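Following: one structure in C-alpha cells, then a few remarks.
The values are calculated or read from the model by the stated rules, or taken from the named source; none is laboratory data. Source: prediction; values computed, not measured. Cβ sites come from the backbone with ideal geometry, for glycine too, and all protein chains shown count toward neighbours.
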Amino acid sequence: MKKLLLFVALIFLAVGVCAASASALTADDIFDEMEERQSEVTTSRSRGSLLVVDARGREELREVIMYSREEDDGTVSTIFRFLSPASVRNITLLSLEDGDQINLYMPAYRRVRRIAGSGRQETFAGTNFTYEDMSDIGGFEREDYEYELIDEDEENYIIEIVPLDPDSQYSRQVMKVDKNLFFVNQIDFYDLEETLWRVLEVLEVEEMDDGTVRFREISMSDLKDNTRSDLKLEEIEENIDLPANFFSVRTIQRPEL
Amino acid sequence: MKNVLLSILVVFSVLCVSLPAVALITGEARLDTSWDLDSGELDYGLELDLEYHTSISDRLWAGVELTLRYREDTDPVRIREIFLEGFQAPWDETDFRLGYIKIPWGASDMLSPVDVINPIPMSPGIGEGFMGEKIPVPAIQFEWYHTFDWSIELVYQPDFTPNFIPEPLQRGMLASQLAPLFGVSSADFVVGLDYLEPEVSFDRPLWGVRTRGHIGSVDVALSYHDGYYLNPFPSRVDVMVGDMGEMFHADVLMGYPRRRMLGLEFQGELRALPGATFRGDVALFIPEHWSMTVVPPNKAESFEEDILRDPYWKVALGVDYTTDDNIYLNMIYALGTPFEEGDDVSSYLFLQAERESSDGRWKPFITSGLSFADGSMVNALGVSYMPDLDWNITLTASFASGPPDSKLGGIGDGIFLTASYVF
C-alpha cells in the first residue's frame, strides 16, 4: 500500500525550476514534468530535526539523520536514525528497496526486529508516520492510482488521486503542485468516510545554483488527533560515496553513522 | 546503610542531569514499587542506570553501563555492560565486542530458548521487564560478514556466570522437590546449600557459533552453544533428622550440568497468513547425564534419581498482528521457560494485547499466560502513561490462579508501579 508515496517522494526528490505553460496540461503532463525535473541524486545524507507536537501543544524536538540511495532497479533504500533525545537515541529504521524489507534496530535491547505484515501500519517511534510511510520512498507509481487534474488556482495545479489498493486507509488524496517549480506544495489525505484526515505541507524550499530546488521543511498534520510532525533538514549532502553494503542490518547497529 | 545509598543515588542523579562535566553520561532513573497482595508486603526500590559511551576512532567505541540501586537484599552497584566494540574492525568484514557484555540470541519476543548466553535474575512477578533483564558475562563476540546477507558469529566466554536465584527461593524449590521422596511436606524440610561451579577458564571456555541471514523474506539464524546450565541442579543430598524442630534437614550440593544447544530462529512474513509476522525459536538441548544421589538418614541405603538424561526440545513460536484499530496482538506458544529443563519442560500459551492512544501517551495492555500442564494462569492488566518523551509511568496488576506449587500459580497476585525518567 502506497499511502504517502508523494510525501516521501517529495523528501527525496529535487525538482527543476522552470516556468511552464499552464495551458491545457493534463495530470499525466504534470507528473511527466515533475519527473523530468528531478535532479540526478543517487545517494544523499541529511541531518535535521523532527518536531513532534501532541494534541495539547507540547513539543518534542528530535535530531535525525537520514541516508538514501537509489538502487539500480530504481527502488530506493533508506536509513533513518534518531540522534536525540536520550529516550529515542539510535533507534534506527532500515528500509530496503522501497520498503520491501524493513528492519528496526532497538539499541536498548541490542536487537534488530523485522517489521512486516500489519506491523508496517504502526506509527514509528511516536511520530505521525507509520513504518510504511517512512519506507515508501520509491516515488509515485502512477499505476497504483487513478488521478485527474480537477482544478487550478493562481499558484497550483490541483490533482485528485484515488488509490487502487483496496486495503488503502485513504479514499483519495488531493495534491497541489506548484505551477512554477513543479513540486508538491500540499497533499490532503481523506479517510474512507471522506473526512479530511491528514495534511502534508511544504514549509520551506531551497533553490539551488543548478536551478533545482529541494525541500527544507515539511509538516504532516493529523487533524483527527490534532497532532503534528515537522521535519526540517539543515544539512544535505548529495551524491556522496557510500559503501555497497551500507544499507544493511549490520550498518544500523553501529553506534554512529 | 540504606539512607547512605539513597543519598548517593540522589546526589549522583542531580549531578548527572545538571553538571556539564558529566553531560555525556546518559541513563534512566527508575522507581519500582510492588505490593504483594498475598502477603500484604510492600516493596520498593530506586535504580539509576548510567551509560557512558565514547568513540575511540571511527571504528572503535567503548562504553560503561552501570546500575546503582537502592533495594533490600541486592547489590547496590551492578554492571550492566563494560565493553569495547569495533565495527569494520579489525578487518572490513568483521565486527567485535568484548568485555562484560550482553549477547542476545533469538527472535522470539519472550522466553526464547536459544537465548542461552546471558544469565537472568529471577523476576519477582509479571510486571514490567518480566523475563527481559539480563546479567552480563565476560565474553568476546566476533562477527564475520562473509557475504552481503550472511554472517558468522563466534562467542568465547572464559568465565561462568549462573542465573541469579535468591537462596530462600532455591531452598524452597528444593524442599518441594525432596519432601515427596520422604512422604512429608516441604515445610518439614530445611535445606542447606553448597554450590560447585564448573571449571571454565581461558583454556576451557564456553563457546558458541551462530550464522544469520535471510532466506527469501525471512530472517533466519542457526546457532550452536557449548556450555553449562545456568540454573543449578542437585548432585548430592545428605538428609539428616532435624534437630531444630524440623523433621528433616538436607545438605544439598548443587552443580551445573554441561549442555549443548542447537538453535534455529526466524522472523518474517508468511503469505499463508496475510498481515501476520512470525517470530520463533526452536532449540534442541543435549544435556550431560546428571543424577542426584540421595543419602537418607539413619544409614539407610542411598539411592540415585535421574534429573537430566535425554535430549529435549524447547520452543517459542509467536505471531504478532496489528489490527486496523491499531491494537497490537502477540500470541506466543512456549514449550519450556528459562527455569524448566529436561522432563520439567511443559507447554504454555501467552497472549499480549496493547493499544497506544492516538497521541501516543497512553498504552493499556494485557498479558496472559496459561500453563497447559496444570491449567494455572497468570493475567496482568496495566497501563503505561508517558507525560512526555522522557517520562514513563506504568501500573500493572497481576493475578495468578492455581495452587502455589503450580506452574504459574506461584507468581501470586501483585500490583506494580514503575516510574522512569530518561536523561
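If only one of B:Leu169, B:Leu181 is in contact (Cβ under 8 Å) with a residue 60 or more places away in the chain and in a helix (DSSP H, G or I), which one is it?
Testing whether each residue is in contact (Cβ under 8 Å) with a residue 60 or more places away in the chain and in a helix (DSSP H, G or I) leaves just B:Leu181.
Assigned to a strand (DSSP E or B), of a type in the set (Lys, Arg) and more than 14 Å from chain A (Cβ to nearest Cβ) - does that describe any residue in segment B:279-296?
no
Considering only segment A:67-111, how many residues are facing chain B (nearest Cβ under 8 Å) and of a type in the set (A, V, I, L, M, F, W, C)?
Looking only at that region, the number is 2.
Return only the number of the condition from (1) in contact with a Leu (Cβ under 7 Å, 6 or more places away or on another chain); (2) buried (at least 18 other Cβ atoms within 10 Å of the Cβ); (3) more than 14 Å from chain B (Cβ to nearest Cβ) that A:Leu50 does not satisfy.
All conditions pass for A:Leu50, except number (3).
Considering segment B:306-348 alone, what residues qualify as being assigned to a loop (DSSP other than H, G, I, E, B) and of a type in the set (S, T, N, Q)?
Residues satisfying the conditions are B:Thr323, B:Asn326, B:Thr337, B:Ser346.
Scanning for something away from chain B (no Cβ under 12 Å), over 16 Å from the mean Cα position of the chain (by Cα), surrounded by fewer than 22 Cβ atoms within 10 Å (Cβ to Cβ) and closer than 25 Å to A:Phe182 by Cβ, does segment A:119-142 turn up at least one residue?
yes
For residues that are part of a strand (DSSP E or B) and buried (at least 18 other Cβ atoms within 10 Å of the Cβ), tally how many sit in segment B:380-394.
5
Take segment B:327-368 and flag every residue that is surrounded by fewer than 19 Cβ atoms within 10 Å (Cβ to Cβ), at pLDDT below 95 and among the β-branched types (Val, Ile, Thr).
The one that is surrounded by fewer than 19 Cβ atoms within 10 Å (Cβ to Cβ), at pLDDT below 95 and among the β-branched types (Val, Ile, Thr): B:Ile327.
Given the residues B:Leu270, B:Leu253, B:Leu264, which is the only one that is at pLDDT 95 or above, more than 30 Å from B:Pro166 (Cβ to Cβ) and touching a strand residue (DSSP E or B) at 6+ places or on another chain (Cβ under 9 Å)?
Working: B:Leu270 fails: at pLDDT 95 or above; B:Leu253 fails: more than 30 Å from B:Pro166 (Cβ to Cβ).
That would be B:Leu264, the only listed residue that is at pLDDT 95 or above, more than 30 Å from B:Pro166 (Cβ to Cβ) and touching a strand residue (DSSP E or B) at 6+ places or on another chain (Cβ under 9 Å).
Name the residue, out of A:Asn239, A:Asn156, that is in contact with a strand residue (DSSP E or B) (Cβ under 7 Å, 6 or more places away or on another chain), of a type in the set (S, T, N, Q) and at positive phi.
A:Asn239
For A:Ala116, work out the one condition from (1) at pLDDT below 90; (2) closer than 27 Å to B:Met386 by Cβ; (3) touching a Ser or Thr at 6+ places or on another chain (Cβ under 9 Å); (4) surrounded by fewer than 21 Cβ atoms within 10 Å (Cβ to Cβ) it doesn't fulfil.
(4)
Which condition does A:Thr227 not pass, out of (1) of a type in the set (Val, Ile, Thr); (2) closer than 30 Å to B:His53 by Cβ; (3) within 14 Å of chain B (Cβ to nearest Cβ), if it passes all the others?
(2)
I'd like the full set of residues that are free of Cβ contacts under 8 Å to residues at least 60 places away in the same chain and either within 14 Å of another protein chain (Cβ to nearest Cβ) or of a type in the set (Ser, Thr, Tyr) (or both), limited to segment B:246-277.
Listed by number, the residues that qualify are B:Gly268, B:Glu269, B:Leu270, B:Arg271, B:Ala272, B:Leu273, B:Pro274, B:Gly275, B:Ala276, B:Thr277.
In contact with a helix residue (DSSP H, G or I) (Cβ under 9 Å, 6 or more places away or on another chain), closer than 21 Å to B:Thr337 by Cα and crowded, with 17+ Cβ neighbours inside 10 Å: which single residue out of B:Pro136, B:Pro232 fits that description?
Numbers: B:Pro136 fails: in contact with a helix residue (DSSP H, G or I) (Cβ under 9 Å, 6 or more places away or on another chain).
Of the residues listed, the single one that is in contact with a helix residue (DSSP H, G or I) (Cβ under 9 Å, 6 or more places away or on another chain), closer than 21 Å to B:Thr337 by Cα and crowded, with 17+ Cβ neighbours inside 10 Å is B:Pro232.
Yes or no, residue by residue, for (1) without any contact (Cβ under 8 Å) to a residue 60 or more places away in the chain; (2) part of a strand (DSSP E or B):
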| position | (1), (2) |
| --- | --- |
| A:Glu132 | no, no |
| A:Tyr147 | no, yes |
| A:Ile159 | no, yes |
| A:Val162 | yes, yes |
| A:Pro166 | yes, no |
| A:Val174 | yes, yes |
| A:Asn180 | no, no |
| A:Ile187 | no, yes |
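Rundown of residues vs (1) touching a strand residue (DSSP E or B) at 6+ places or on another chain (Cβ under 9 Å); (2) within 18 Å of B:Arg30 (Cβ to Cβ); (3) within 14 Å of chain A (Cβ to nearest Cβ), yes/no style:
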position	(1), (2), (3)
B:Val378	yes, no, no
B:Ser384	yes, yes, yes
B:Pro387	yes, yes, yes
B:Thr394	yes, yes, no
B:Gly410	yes, no, no
B:Ser420	yes, yes, yes
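What's the number of the only condition in (1) more than 19 Å from the chain's Cα centre (by Cα); (2) modelled with pLDDT of 85 or more; (3) not in a helix (DSSP H, G or I) that B:Ile117 fails to meet?
Result: B:Ile117 fails condition (1) only.
Name the residues in segment A:62-82 that are surrounded by fewer than 16 Cβ atoms within 10 Å (Cβ to Cβ) and not acidic (Asp, Glu), would you?
A:Gly74 - this is the single residue of segment A:62-82 that is surrounded by fewer than 16 Cβ atoms within 10 Å (Cβ to Cβ) and not acidic (Asp, Glu).
Within segment A:230-251, take every residue that is within 11 Å of chain B (Cβ to nearest Cβ) and surrounded by 18 or more Cβ atoms within 10 Å (Cβ to Cβ) and give me the one that is farthest from the chain's Cα centre (by Cα).
A:Arg250
If B:Ser371 satisfies every condition in (1) at pLDDT 90 or above; (2) within 14 Å of chain A (Cβ to nearest Cβ); (3) surrounded by 19 or more Cβ atoms within 10 Å (Cβ to Cβ) but one, which is the exception?
(2)
Within segment A:194-212, does at least one residue satisfy the condition of being part of a loop (DSSP other than H, G, I, E, B) and at pLDDT 90 or above?
For segment A:194-212, residues part of a loop (DSSP other than H, G, I, E, B) and at pLDDT 90 or above: present.
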